[in-house]
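Q: This is the structure I want to talk about, given as structure tokens.
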Amino acid sequence: MTLLTTLRHAKSSWDDHGLDDFDRPLNDRGRKAARSLGRELKRRKVRFDHVIASPAARVRETIEELAKGYGKLPDVRFDSQIYEAGAERLLQLIRHIPETAHAPLLVGHNPGMQQLVLALSREDGNGLRGQVAEKYPTAAMALVELEAPRWDEVETHSGTIVELILPRELD
């Protein structure tokens, strides 16, 4: 079994319309949500040993704010392929996670993150997949338990969403 935690960046600001999408920062609500999520992950004892993230400003800030609530995170490997990636590209990235990683955190953007969680999971009767299908909002986190013992063996629809944290639950 392998465990993958996926996180969509927190709410970003649209105040500066001249700013390139890649450079958009978080807004106040996003910073607060990321810190709250960090505290909740710490409370639930969710652990990470590897972090892979989009290099976009709002993702970098999400990770910084998450750490303020969670505590020290492993070093982050920023991968430009995550920015604007769809499910297939993200799945390929997952298949190249080092075998030394047992609990990675993948931080990125929609629609790719939502598509990835749906592509990796199957219906399981707990309703979490249906919630992700309906909406995977900013600062949402899904923990997917995958059957594959190695990252390069991960297949679509082989996992179960075992935890889903939505920002509205943390208010």
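Q: Looking for something of a type in the set (A, V, I, L, M), at pLDDT 95 or above and surrounded by fewer than 20 Cβ atoms within 10 Å (Cβ to Cβ) - is there at least one such residue anywhere in the stretch 6-21?
A: Within the stretch 6-21 (the criterion being of a type in the set (A, V, I, L, M), at pLDDT 95 or above and surrounded by fewer than 20 Cβ atoms within 10 Å (Cβ to Cβ)), the answer is no, since none of the residues qualifies.
Q: Another one. Looking at (1) within 23 Å of Thr2 (Cα to Cα); (2) surrounded by 15 or more Cβ atoms within 10 Å (Cβ to Cβ), which is the only condition Pro25 fails?
A: (1)
Q: Also: State all residues of the stretch 52-69 that are surrounded by fewer than 21 Cβ atoms within 10 Å (Cβ to Cβ) and within 19 Å of Ala103 (Cβ to Cβ); if no residue qualifies, say none.
A: If the condition is that a residue be surrounded by fewer than 21 Cβ atoms within 10 Å (Cβ to Cβ) and within 19 Å of Ala103 (Cβ to Cβ), then Ala67, Gly69 are the ones that fit.
Q: Looking for something in contact (Cβ under 8 Å) with a residue 60 or more places away in the chain, assigned to a helix (DSSP H, G or I) and either loosely packed, with under 15 Cβ neighbours inside 10 Å or touching a strand residue (DSSP E or B) at 6+ places or on another chain (Cβ under 8 Å) (or both) - is there at least one such residue anywhere in the stretch 123-137?
A: no
Q: Same structure, new question: Can you find a residue that is touching a residue at least 60 places away in the same chain (Cβ under 8 Å) and touching a strand residue (DSSP E or B) at 6+ places or on another chain (Cβ under 6 Å) anywhere in the stretch 16-26?
A: No: zero hits.
Q: Can you find a residue in the stretch 141-161 that is closer than 21 Å to Pro55 by Cα and of a type outside the set (Lys, Arg)?
A: Scanning the stretch 141-161 turns up at least one residue that is closer than 21 Å to Pro55 by Cα and of a type outside the set (Lys, Arg).
Q: Identify, please: which residue in the stretch 38-51 is in contact with a Phe, Trp or Tyr (Cβ under 8 Å, 6 or more places away or on another chain) and crowded, with 17+ Cβ neighbours inside 10 Å and is, among those, nearest to Trp14 (Cα to Cα)?
A: Among those residues, the one meeting the criterion is Gly38.
Q: Report, ordered by the first and then the second residue, all pairs with beta carbons closer than 6 Å, sequence separation of six or more or different chains, a first member in the stretch 94-112 that is closer than 20 Å to Pro137 by Cα, and a second member that is among the charged types (D, E, K, R).
A: Short answer, once both residue conditions are applied: Asn110/Arg8.
Q: Filter the stretch 138-171 down to the residues that are modelled with pLDDT of 95 or more, surrounded by fewer than 15 Cβ atoms within 10 Å (Cβ to Cβ) and not in a loop (DSSP other than H, G, I, E, B) and list them by number.
A: Matches in the stretch 138-171: Asp152, Glu153, Val162.
Q: Also, I was wondering about something else. Against the definition (of a type outside the set (Val, Ile, Thr), without any contact (Cβ under 8 Å) to a residue 24 or more places away in the chain and closer than 17 Å to Ala10 by Cβ), how does Arg89 come out, yes or no?
A: So Arg89 fails the test.
Q: Please go through the stretch 93-122 and pick out each residue that is assigned to a helix (DSSP H, G or I), more than 18 Å from Pro55 (Cβ to Cβ) and out of contact with any strand residue (DSSP E or B) (no Cβ under 8 Å at 6 or more places or on another chain).
A: Once the filter is applied, which keeps residues that are assigned to a helix (DSSP H, G or I), more than 18 Å from Pro55 (Cβ to Cβ) and out of contact with any strand residue (DSSP E or B) (no Cβ under 8 Å at 6 or more places or on another chain), the stretch 93-122 yields Gln115, Leu118, Ala119.
The values are calculated or read from the model by the stated rules, or taken from the named source; none is laboratory data. For clarity, every value in this text was computed on a predicted model and none was experimentally measured. Cβ coordinates were reconstructed from backbone atoms using ideal geometry, including for glycine residues, and neighbour counts include every protein chain displayed.
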